[in-house]
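First comes the structure, then the notes that go with it.
The values are calculated or read from the model by the stated rules, or taken from the named source; none is laboratory data. The structure presented is a predicted model; accordingly, all values stated were derived computationally and were not measured. In this analysis, Cβ positions are derived from the backbone assuming ideal geometry, glycine residues included, and neighbour counts consider all displayed protein chains.
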Amino acid sequence: LLALFLASHNSSDQPIQQSIPCPNSSSMENMLHLKPAHTLFPNCFALETEQLPPAVTSSAVALPIIDMSRSREEVRRAILDAGKEFGFFQVVNHGVSEEVLRDMKSVCEEFFQLPTGDKAHLYSEDNNKLNRLFSGSTFKTDSKNYWMDCLRLACPFPGISDSVNHWPEKPQRLREVVEKYAVLTRGMGLEILELLCEGLGFRSGYFEGEQTDGMVSVSIIHYPPCPNPSRILGLPPHCDRNLITMVLSGAVRGLEVFYNGDWIKVEPLRNAFVINFGIQLEVVTNGIMKSMEHRVVTNLALPRTSVVTSLMATDDFLIGPAEELLCENNPRRYRNTVFRDFMRLYNKALEESGGDVKQAIKYFKI
Ligand code: OGA
Ligand code: NI
């Protein structure tokens with residue numbers, strides 16, 4: 001496995017074929033996971049080698065692993081430290097049972113194995129559609145395509161039980177399993193935010209209410225084996241725009257974080273969640289908590305599935321540095337923006353900067 005993984009990062013592998021046309025029709029056939037094997041790929045997937053610098057191979061830097069069963073004081077401190085340094089960490093003993101994680105992983109894998117006819121009605125390229133199946137082979141960022149397929153499910157709170165009816169009917173257990181999973185992971189996210197609140201000296205419940213009562217989205221992302229990992233990414237370098245994201249994935253590597261000028265690999269850890277702070281949290285904490293750039297690399301031999309749960313603010317919530325933190329020595333570093341505009345403006349800034357995340361974030365800075 002390791003040999004395959006290293007081979008997939010060999011920068012000397014050549015693109016196999018770049019002359020077939022890019023997908024342009026709005027059709028389910030563009031989904032990568034439905035094709036039997038990939039020996040060909042169109043030009044629009046291939047990045048320049050400079051755009052895909054390999055991750056460092058030494059394991060000198062690793063994301064902190066936080067055991068949530070330790071004392072509250074210890075966990076609070078660990079979250080604060082990890083948030084300041086990496087904006088990324090893994091949590092274990094987080095309270096979401098092994099059974100829930102196992103069920104979630106299996107329904108996700110079963111979903112992507114369903115025959116086309118069972119999911120064609122879910123396919124859509126309309127980003128405003130709350131529940132949809134789409135592919136990075138058609139949605140474009142910076143005119144490039146990415147090697148991923150995704151089922152995104154909207155989980156509003158309160159009201160998740162009603163939205164379940166808009167989710168896929170197959171596999172049979174999907175609705176029940178995803179609902180339970182969404183409730184529990186949201187609860188875990190709120191608990192982490194509450195611990196952070198204590199660490200920052202905010203009043204209890206600071207992150208509850210408008211700040212996290214918007215949509216919760218659960219994205220089930222499937223990254224099929226890829227013909228040329230040295231030129232094709234699963235997800236481009238990005239920062240999450242929301243407050244907090246919780247990622248569950250299996251034993252296959254792929255997620256990488258940009259830290260101190262290097263891409264570092266996130267090591268898979270059984271039954272752990274990878275927690276990642278978004279730009280919203282960076283703004284609210286006036287830059288104390290970091291939102292770090294991350295990407296997903298592809299793999300020549302193995303498929304990878306991850307489940308990404310994001311907590312969002314309500315549309316009208318005004319995102320800006322918490323008054324509690326501002327003083328003469330810590331002047332405001334970000335401007336206030338309503339959540340609805342925040343998402344839109346960030347996308348626009350990202351487009352204008354040609355996908356440069358750091359440039360895009362500057363838009364919100366003073
Ligand atoms: C994301 C993301 C990571 C993964 O969806 O924003 O960073 O491992 N996903 O799929
Ligand atoms: Ni992300």
> When both residues are 6+ apart or on different chains and their Cβ atoms are under 6 Å apart, which pairs have a first residue that lies in the range 240-260 and is within 18 Å of ASN271 (Cβ to Cβ), and a second that is basic (Lys, Arg) and within 10 Å of ligand 1 (Cβ to nearest atom)?
Replying inline: VAL252/ARG304; GLY254/ARG304
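Filter the range 306-336 down to the residues that are outside any loop (DSSP other than H, G, I, E, B) and over 22 Å from the mean Cα position of the chain (by Cα), then identify the one that is farthest from ASN228 (Cα to Cα).
CYS327
Rundown of residues vs (1) in contact with a strand residue (DSSP E or B) (Cβ under 8 Å, 6 or more places away or on another chain); (2) surrounded by fewer than 17 Cβ atoms within 10 Å (Cβ to Cβ); (3) touching a residue at least 12 places away in the same chain (Cβ under 8 Å); (4) within 19 Å of GLU208 (Cβ to Cβ), yes/no style:
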| position | (1), (2), (3), (4) |
| --- | --- |
| ILE264 | yes, no, yes, no |
| PHE273 | yes, no, yes, no |
| PHE317 | yes, no, yes, yes |
| ASN329 | no, yes, no, no |
| LEU345 | yes, yes, yes, no |
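For the range 197-212, does any single residue satisfy the condition of being surrounded by fewer than 17 Cβ atoms within 10 Å (Cβ to Cβ) and either more than 25 Å from VAL284 (Cα to Cα) or touching a Phe, Trp or Tyr at 6+ places or on another chain (Cβ under 7 Å) (or both)?
yes
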> Looking at the range 49-93, which of its residues are in contact (Cβ under 8 Å) with a residue 60 or more places away in the chain, under 25 Å from TRP263 (Cα atoms) and among the charged types (D, E, K, R)?
Replying inline: LYS84, GLU85
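Kindly evaluate LEU184 against the criterion of being of a type in the set (A, V, I, L, M), in contact with a helix residue (DSSP H, G or I) (Cβ under 7 Å, 6 or more places away or on another chain) and surrounded by fewer than 20 Cβ atoms within 10 Å (Cβ to Cβ). If you could, list the steps in order and put the result at the bottom.
Working: of a type in the set (A, V, I, L, M): yes; in contact with a helix residue (DSSP H, G or I) (Cβ under 7 Å, 6 or more places away or on another chain): yes; surrounded by fewer than 20 Cβ atoms within 10 Å (Cβ to Cβ): yes.
Yes, satisfied.
If you take just the strands (runs of 3 or more DSSP E) that sit entirely in the range 245-305, which of them hold at least 3 residues that are under 18 Å from LEU80 (Cβ atoms)?
On the way: elements: 255-259, 262-265, 273-277, 294-297.
Per the criteria, 273-277.
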> Are any residues in the range 228-265 near ligand 1 (Cβ under 9 Å from one of its atoms), touching a Gly at 6+ places or on another chain (Cβ under 8 Å) and β-branched (Val, Ile, Thr), and if so, which ones?
Replying inline: THR245
> Do we have SER219 as polar (S, T, N, Q), outside any loop (DSSP other than H, G, I, E, B) and either surrounded by fewer than 23 Cβ atoms within 10 Å (Cβ to Cβ) or away from ligand 2 (no atom under 14 Å from the Cβ) (or both) here?
Replying inline: yes
> For the subset of the range 286-298 comprising residues that are of a type in the set (Val, Ile, Thr) and more than 18 Å from VAL357 (Cβ to Cβ), which member is surrounded by the fewest Cβ atoms within 10 Å (Cβ to Cβ)?
Replying inline: ILE288
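Mind checking which residues of the range 81-108 are farther than 14 Å from TYR181 by Cβ and out of contact with any helix residue (DSSP H, G or I) (no Cβ under 8 Å at 6 or more places or on another chain)? Show your work before the answer.
Initially, the range 81-108 is screened for residues farther than 14 Å from TYR181 by Cβ, giving 81-93.
Across the range 81-108, the qualifying residues are ASP81, ALA82, LYS84, GLU85, PHE86, GLN90, VAL92, ASN93.
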> For the range 299-315, how many residues are surrounded by 18 or more Cβ atoms within 10 Å (Cβ to Cβ) and touching a strand residue (DSSP E or B) at 6+ places or on another chain (Cβ under 8 Å)?
Replying inline: 11
>> I need every pair where a residue in the range 207-231 that is under 17 Å from LEU318 (Cβ atoms) has its Cβ under 7 Å from the Cβ of a residue that is among the aliphatic types (A, V, I, L, M) and surrounded by fewer than 19 Cβ atoms within 10 Å (Cβ to Cβ), sequence separation at least 6 or different chains.
In response: GLU208/LEU190; THR212/LEU190
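Within the range 312-362, which residues are among the hydrophobic types (A, V, I, L, M, F, W, C) and at pLDDT below 90?
Keep residues of the range 312-362 that are among the hydrophobic types (A, V, I, L, M, F, W, C), which gives 312-313, 317-319, 322, 325-327, 338-339, 342-343, 345, 349-350, 357, 360-361.
Within the range 312-362, PHE342, MET343, LEU345, ALA349, LEU350, VAL357, ALA360, ILE361 meet the criteria.
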> Quick check: is even one residue across the range 51-74 of a type in the set (Val, Ile, Thr) and part of a helix (DSSP H, G or I)?
Replying inline: no
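Within the range 230-247, can one find any residue that is more than 29 Å from HIS33 (Cα to Cα), under 14 Å from the mean Cα position of the chain (by Cα) and not basic (Lys, Arg)? Spell out how you get there, then give the answer.
If we filter the range 230-247 for residues that are more than 29 Å from HIS33 (Cα to Cα), which is where we start, we get 243.
Those still in the list that are under 14 Å from the mean Cα position of the chain (by Cα) too: 243.
Still in the list and also not basic (Lys, Arg): 243.
For the range 230-247, residues more than 29 Å from HIS33 (Cα to Cα), under 14 Å from the mean Cα position of the chain (by Cα) and not basic (Lys, Arg): present.
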